[in-house]
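Below: one structure, written as C-alpha cells.
The values are calculated or read from the model by the stated rules, or taken from the named source; none is laboratory data. Because the structure is a prediction, the values reported are computed rather than measured. Heads up, the Cβs are rebuilt from the backbone with ideal geometry, glycines too, and the neighbour counts pull from every protein chain shown. The area values use the complete protein model at the heavy-atom level, side chains included, leaving out ligands, DNA and RNA. Shrake-Rupley method; radii C 1.70, N 1.55, O 1.52, S 1.80 Å.
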Amino acid sequence: MRKIYLLIAVSFLFCSTIFGQPKAQRLVLIEQLTQASCGYCPAANATLKTLVNGNPGKVIDLKYQVSWPGYDPMYLENTADPTARVNYYGTTGVPETQMDGTKMTTIPTQTQLNTEYAVTSPFTINVSHTMASDY
C-alpha cells in the first residue's frame, strides 16, 4: 500500500512540475508587405506605426518592400526576403498585413492585438550573447 501512495505522490509531483508551469508571455509578430510607389501604402504604414509605437513590448513588426506596383529602391537592396514572403503568403496586392501568420483584411486594431497578445507560449526561450574582444 505504501508503494501505491508513493507512486501517486511521485506522479502528482511530476505532473504538477511538467504541466503546471506558468505559460510564457510572447510578442505578437506583424508582417507587412508594402511598396514605395503604392498609393494606399502610406496610410497603412502610418496606421501600423501608430499601433506598434503604442504597444512597446507587445509587438514587433517586419516590413517587406515588394517589387510592384511600381519602382521601389528598397526592394532592389533586398529582393530575396520579400520575394520569399510574397510566395509563402501568396500575396497579390499591397499593402498586405499578416499577424502571427494570419492574413488580416486591414491593419490590426488594438483589440485584435490585445487578443493575440493574450495567447501564451508553451515555452520560454532565453537568449544571451557575448562579444569577442576583437569583434
Is it the case, given these coordinates, that Leu76 is of a type outside the set (Phe, Trp, Tyr) and either under 19 Å from Leu29 (Cβ atoms) or not in a helix (DSSP H, G or I) (or both)?
no
Scanning for something of a type in the set (Gly, Ala, Ser) and assigned to a helix (DSSP H, G or I), does the stretch 107-122 turn up at least one residue?
no
Those residues of the stretch 40-55 which are open to solvent by 30 Å² or more (accessible area, probe 1.4 Å), modelled with pLDDT of 95 or more and of a type outside the set (Lys, Arg), in sequence order:
Pro42, Ala43, Asn45, Ala46, Thr47, Thr50, Asn53, Gly54
Exactly one condition in (1) open to solvent by less than 80 Å² (accessible area, probe 1.4 Å); (2) more than 16 Å from the chain's Cα centre (by Cα); (3) of a type outside the set (Lys, Arg) is not met by Thr105; state its number.
(1)
Scan the stretch 83-91 and tell me whether some residue there is at pLDDT 95 or above and among the hydrophobic types (A, V, I, L, M, F, W, C).
yes
Residue list for the stretch 112-128, filter: modelled with pLDDT of 90 or more and either touching a helix residue (DSSP H, G or I) at 6+ places or on another chain (Cβ under 7 Å) or open to solvent by 100 Å² or more (accessible area, probe 1.4 Å) (or both):
Leu113, Ser128
Checking Asp134 against (1) without any contact (Cβ under 8 Å) to a residue 24 or more places away in the chain; (2) surrounded by 11 or more Cβ atoms within 10 Å (Cβ to Cβ); (3) in a loop (DSSP other than H, G, I, E, B), which test does it fail?
(2)
In the stretch 62-80, residues that are under 15 Å from Glu96 (Cα atoms) and open to solvent by 50 Å² or more (accessible area, probe 1.4 Å) total 5
With respect to Thr97, determine if the residue is closer than 21 Å to Val28 by Cβ and assigned to a strand (DSSP E or B).
yes
